[in-house]
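Working notes, beginning with the structure itself.
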Amino acid sequence: MSWTKTPRIAPGPGPAGAHRRRRTILVVMCAGMFLVQLDVTVVNVALPHIGSDLRTGLPGMQWVVDSYTVVLAACLLAAGAVGDRLGHRTVAVAGLALFGAASLLCGLAPGIGTLVAARALQGFAAALLLPSTLAVVGTTFPERAEQARALGIWAGVSALALPCGPVLGGLLVTLAGWRSVFLVNLPVVAVAIVLTLRRVGRDEPAPGRRLDLPGVLAAAVALLALTYCAIAYGHSGVSAQTAGAAVVAVLGTAALAWWERRAPEPLFPPSVLGSSRFVGANAVAALMNFVGIGFIFVVTLYLQGVRHHDALSAGVMLLPLFAPLALCAPITGRVAARYGPRLPMLGGLLLGTAGAACLALVTPTGPYAALLPALLGLGLGMGLLTASVVAAALRAGPPSRPGLSSGVNNTARQAAGALGVAVLGAIVQDPADAERFTAGLRWAGGLSALLWIAAIVITLRTAPGPQERDAAG
């Protein structure tokens, strides 16, 4: 994405009027990003109610989550190029309108197929919104110090959506049913569209990068097939479906690798992928989200499907996992800036590994206190990791293309999150069988700990340490 095209802000009554308009733009763009992040987590506490009402099992519930994240991951990099070519204000408005329409479809869905399709449409709208809201904020505040503060607020609101999701979702489900989780987006979207059209001036479309449509399609096919393979394997074991999906995933990945070496404007430029530090930072980010998003999915099912807590109680019980994410992010950013990202990354990975290992304490009838160490460990771990791993990716990427580095990092995290839901969901199986589900939860914790130990090794080999902090840009 490019921040060189500053949106024209209509003149107001002096500097105070211009300041109010910039502040309004920031609030609106933060609202758009809040919705994108909120819909990653808000739906989790509604899943048991969706499954019961729409008569679907664990695979259907997995697809309600994954259809959103798979499409978001597949389209995210291309969406930045679309914003450069068409104008980020135009793309932000289109994303908001599409997000509202998809939310309405989700809220009115008569069956699981319609809901999954509408969630995929939501994911596409979210892919349009994420880079465009960031670009509009960046160009509305061109002065460096102002821009840093504005982007900090944007990132903070984004982080705040994570702890709000389970509690807000639980409250809405308890008071008005699972459909309200999606319908609540409509008034926010309507106000955001009106304010964007009134306050954000048009930015001139620029040629920018070409849209690598074959690369987008190949990446989407590979990720979709891999996710389908994991979900189908968990439901029916080795079958013609899982084998066929695995073959499609391999062919899609091979086609993506072949095309990216020949594309005039590839999604993943070879100069970026040739950096071991950049690849390492994004590998750690992917492992973080694989464990984190998958963990949220299975623990929510445990609290409601095995322990039979209502949606609101389950949402409140998840706060020890989500609150550290919002609280640690600004502190971690400052630590990473001063000492380099390696230290907070290692601290986060060690805490997360310990938290995942604590899932061995969980039983079908044990107290909430047995789950609490796992929630706190993973929450603190991801709180330390999130900002520092993004900083590591941005430092290792091309200095002239921060949008590309951020886009690749976001894509890696969203794609891995979708796979985490599929794989950990396949391990735990249906929560109706409490003993089997809890045994699977312990196995999922063991796998998560091993993956984060691998991330520790990658961090030690690739992340810049304190002695390299002065080279950071």
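The values are calculated or read from the model by the stated rules, or taken from the named source; none is laboratory data. Every value quoted in this text rests on a predicted model; they were computed, and no experiment measured them. All Cβ positions, even for glycine, are placed from backbone atoms using ideal geometry, and neighbour counts span all protein chains on display. These accessible areas exclude ligands, DNA and RNA; they are computed on the full protein's heavy atoms, side chains included. Shrake-Rupley method; radii C 1.70, N 1.55, O 1.52, S 1.80 Å.
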What does the accessible area per residue of the chain come to in Å², with a 1.4 Å probe and no ligands, DNA or RNA counted? 40 Å²
Once R0 is set to 41 Å, what does the formula 1/(1 + (r/R0)^6) return for the Cβ-Cβ distance between residue 174 and residue 23, expressed as a FRET efficiency to the nearest 0.05? 0.75
Computed, not fitted: 222 nm per-residue ellipticity of the chain from DSSP H runs ≥ 4 (each -39500 (n - 2.57)), nearest 500, equal to -27000 deg cm²/dmol
What is the gain in length, in nm to one decimal, between residue 195 and residue 247 on full extension, counting 0.36 nm per residue of separation less the C-alpha to C-alpha distance? 14.0 nm
Rounded FRET efficiency, nearest 0.05, which uses the C-beta distance separating residue 53 from residue 275 and R0 of 51 Å: 0.60
The percentage of the accessible area of the chain (probe 1.4 Å, all protein chains present) made up of carbon and sulfur atoms, to the nearest whole number, is 69 percent
What ranking, highest mean first, results for peptides 310-321, 453-464 when packing means the other Cβ atoms within 10 Å averaged over each residue? 310-321, 453-464
Simple SL model, points at 7 angstrom along Cα→Cβ for residue 254 and residue 202; separation in nm is 4.8 nm
Estimated distance in nm for a label pair at residue 143 and residue 368, the labels positioned 7 Å out from Cα along Cα-to-Cβ: 4.8 nm
Cα-only radius of gyration and Dmax that characterise the chain, units Å: 21.3, 69
Can you order the peptides 42-50, 421-429 by their average number of other Cβ atoms within 10 Å per residue, highest first? 42-50, 421-429
Tell me, what is the FRET efficiency for residue 240 and residue 443 to the nearest 0.05, using R0 = 41 angstrom and their Cβ-Cβ distance as r? 0.95
